[in-house]
Amino acid sequence: MSAMNKSSRHMIRLQVNGQESEIEVEARRLLVDVIREDLGLTGTHIGCEHGVCGNCTVILNGEAVNSCLVLAVQADGAEITTIEGLGQQGGLHPLQKAFKKQHALQCGFCTPGMLVNAYDLLKKSPNPGREDIKGAIAGNMCRCGCYDNIVEAIEGAATELSGKKKPSEAP
Amino acid sequence: MKPAPFNYFAPESLKEAITLLERNHGTSKIIAGGQSLLPLMNMRLATPETLIDLRNIDGMKQIREVNGFLEIGAMVTHQRIMTSTLVQEKCPLLAEAAGHIAHRQVRNRGTIGGSVAHADPAAEFPTVVTALDADIKIEGPGGEHWLKPAEFFLGFMMTTLQPTDILTALRVPVSPPRCGWSVQELARKENFFAIAGAVCLLQLSQNRVVDVHLGIMGCSPAPLKPLQAEETIRGQELTDDLLAKVADLISEQVEPESDLHGTKAYRRAMAGVVTKRALKEAHHRASEGRQ
């Protein structure tokens, strides 16, 4: 590599949270950086930048992925859901409400990644067991160590979303 | 960190991809799912001048059964292999191994071709491919050819893949009926890279092991198929004595390195332990007649 090297530039189209954008990007730019810097959606956080912490989780064409391990140019034509697509102030998604209710966060840095991953999990598996939830969030690190409450919150949201009561609440 | 600058191409045919590799000989890299390459590029441990993406090329995303083999395109993701009913039925070892790879975010993007070409000796697919003596399809300027794992894996992240070659598919033998299988890994955290791991496919007939395939991960420069241990087991009943003997053989044969996660001696001992666990579980499943 020489300092003279330049990345090729590409026009890409992204549909993020239902909104179409056309952006020119350098090939070397990561999807997470384009989401944050070009689209201004800073809810998606950057942690490790090598696919270990899960903070940058977004849904790309229906699959949860680490957006630090996708080049923006690779996402050309894709449909993306970020944390901003889940819910807003005053209209929180049941998962967000459950996180609030269960105190499933302290500093909140990992929360967007946790929520987006959990959102994708519940889409595919509406009634996951505790072990399934734990396995599903194994790629999301919470350095405050709120895992127990996070698992509880996801379980609670699953119960609410699927319209089923927990066994203890069943008549 | 962020990747160093590079030129990016997403050709629509394999021929075009090979031409790009020839034109950028030795300075280009193929990107499939990017789950191993992009971390290396983000950390600038890899700084290719040209990146050639396989995502727009048709014909590398199928899983099909052909004459006693599963032919799996290089661009099939770990998640698809894990959840494919065809793979679960025809080669349960491969489906189970896929479930041990990293986390769902990574499995959703990482591909079998990328994993095998990356040749990390602690990775699941290179180990299963080695254990089952699967065939690896290579396409380059001179056409296509198939390689056996022993002809492909050279050492730590080193293969015989040439700078103008692309790994396009794998052919994994369909497991015989009434087989047992197991994937055993020792790791600090769920689905992290194994400090030591073993995969096993085993066939029983009247309580005797008629055939066995083993693969050891994370304990040698390349995935290890312990032929001598396999030979020792074939035709025998899987007694505690035999398990102990096999564990010793494995511990002798592996060539581990020491690192933050384990010393050479620890890995050597654990390679034997995970092999025993894998043999026991595979035996249990085979005797239950699960397939």
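The values are calculated or read from the model by the stated rules, or taken from the named source; none is laboratory data. It should be emphasised that the depicted structure is a prediction, and the values quoted were computed from it without experimental measurement. All accessible areas refer to the heavy atoms of the entire protein, side chains included, with ligands and DNA or RNA removed. Shrake-Rupley method; radii C 1.70, N 1.55, O 1.52, S 1.80 Å.
Structure summary
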| quantity | calculated |
| --- | --- |
| Zero-based 5 Å bins, Cα pair distances in the stretch B:179-287, whole percents | 2, 14, 25, 25, 16, 10, 5, 1, 0 |
| Rel. contact order, % - alpha carbon contacts under 8 angstrom, at least six apart, the stretch B:63-173 | 30 |
| Per-residue [θ]222 nm for chain A (sum of -39500 (n - 2.57) over DSSP H runs n ≥ 4, rounded to 500) | -8000 deg cm²/dmol |
| Anisotropy class of the stretch B:1-104 from Cα gyration tensor, a/c 1.5 cut | oblate |
| Sequence of B:Arg171, B:Arg107, B:Arg208, A:Arg143 when ordered by accessible area, the most exposed leading, probe 1.4 angstrom | A:Arg143, B:Arg208, B:Arg171, B:Arg107 |
| B/A buried area, accessible surface, summed, 1.4 Å probe, Å² | 2900 |
| Whether chain B is rounded, prolate or oblate, judged on the alpha carbon gyration tensor where a/c under 1.5 counts as rounded | prolate |
| Whole-Å distance, taken between Cα centres, linking the stretch B:2-48 and the stretch B:246-277 | 35 |
| Interchain or long-range residues, amide H under 5 Å from A:Val16's placed H | A:Ser21, A:Ile80 |
| Rounded to whole Hz, the Karplus (6.51, -1.76, 1.60) HN-Hα couplings of the stretch B:270-287, x for glycine and proline | 5, 4, x, 5, 5, 5, 4, 4, 5, 5, 5, 5, 4, 4, 4, 5, 5, 6 |
| Accessible surface of the stretch B:7-53, 1.4 Å probe, proportion on carbon and sulfur as whole % | 48 |
| Built amide H within the under 5 Å cut-off of A:Cys53, gap 5+ | A:Cys48 |
| For the stretch B:150-160, 3J(HN,Hα) per residue [Karplus equation, 6.51 cos²θ - 1.76 cosθ + 1.60, θ = phi - 60°, Hz, x = Gly/Pro] | 5, 8, 9, 7, 9, x, 4, 6, 10, 9, 8 |
| For the protein assembly as shown: rounded, prolate or oblate by the Cα gyration tensor [a/c cutoff 1.5] | oblate |
| Equivalent-ellipsoid semi-axes of the stretch A:5-151, from the Cα gyration tensor, Å, largest first | 27, 16, 14 |
| Long-range HN-HN contacts of A:Leu30 with modeled amide H, under 5 Å | A:Ala72 |
